[in-house]
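Read through the structure below, which is laid out as structure tokens, and then see the notes.
The values are calculated or read from the model by the stated rules, or taken from the named source; none is laboratory data. These figures come from a predicted structure and were not determined experimentally. As a convention, Cβ positions derive from the backbone with ideal geometry for all residues, glycine included, and neighbour counts pool all protein chains shown. Ligands, DNA and RNA are excluded from the accessible area calculation, which covers all protein heavy atoms including side chains. Shrake-Rupley method; radii C 1.70, N 1.55, O 1.52, S 1.80 Å.
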Amino acid sequence: MSVMTPTHTITSDASRAEVQFAIGGYWDAEGMKRFLFELGEAAKPFMKAGTPFDVLGDFKDFMPQDRATADAIRDSIEAGTRNGLRRFAVLNAAPLVRMQYRRIAQAAEVEYFETKVEALDWLRRA
């Protein structure tokens, strides 16, 4: 599989009101919109219940995206904050991905981490 091939996994932990995902590759805008829809479906129980939720995204294999794809991500983050997204931990992001996320994720409380332990500690802090 090429490093450019889009990949992802999504899990949800109802007991902690957390959504975790791993994403990799280079995405076109339509593929990203489908991924973001799936991500929204994982968060939907929290949004419907009015429960604030947190997200951990592992970006180890993710590449900087084109403008249209980055705009779709930005719109999703903004919608998430309007619907209960409290914190977003970005894990293992390359420097250019971090720069892109600093630009597009201004609507959310976002922090960047190198280890999952640190990211989860920050997300789960009261």
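A few points about this structure:
- Residue count for the range 44-65 satisfying the condition of being within 17 Å of Asn92 (Cβ to Cβ), surrounded by 21 or more Cβ atoms within 10 Å (Cβ to Cβ) and either among the hydrophobic types (A, V, I, L, M, F, W, C) or in contact with a His (Cβ under 6 Å, 6 or more places away or on another chain) (or both): 3.
- Filter result for Glu38 (in contact with a Lys or Arg (Cβ under 6 Å, 6 or more places away or on another chain) and open to solvent by 20 Å² or more (accessible area, probe 1.4 Å)): no
Residues checked against (1) open to solvent by 40 Å² or more (accessible area, probe 1.4 Å); (2) outside any helix (DSSP H, G or I); (3) touching a residue at least 24 places away in the same chain (Cβ under 8 Å):
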site	(1), (2), (3)
Val3	yes, yes, yes
Thr9	yes, yes, no
Ser12	yes, yes, yes
Arg16	yes, yes, yes
Phe21	no, yes, yes
Trp27	no, yes, yes
Arg34	yes, no, no
Ala42	no, no, yes
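- Residue selected from the range 66-86 under the condition outside any helix (DSSP H, G or I) and open to solvent by less than 40 Å² (accessible area, probe 1.4 Å), by the criterion farthest from Phe35 (Cα to Cα): Gly84
- Selected residue (criterion: nearest to the chain's Cα centre (by Cα)) from residues of the range 87-100 that are farther than 13 Å from Leu56 by Cβ, open to solvent by 10 Å² or more (accessible area, probe 1.4 Å) and not polar (S, T, N, Q): Arg98
- Any hit, the range 28-35, residues being within 11 Å of the chain's Cα centre (by Cα), closer than 24 Å to Val3 by Cβ and modelled with pLDDT of 95 or more: yes
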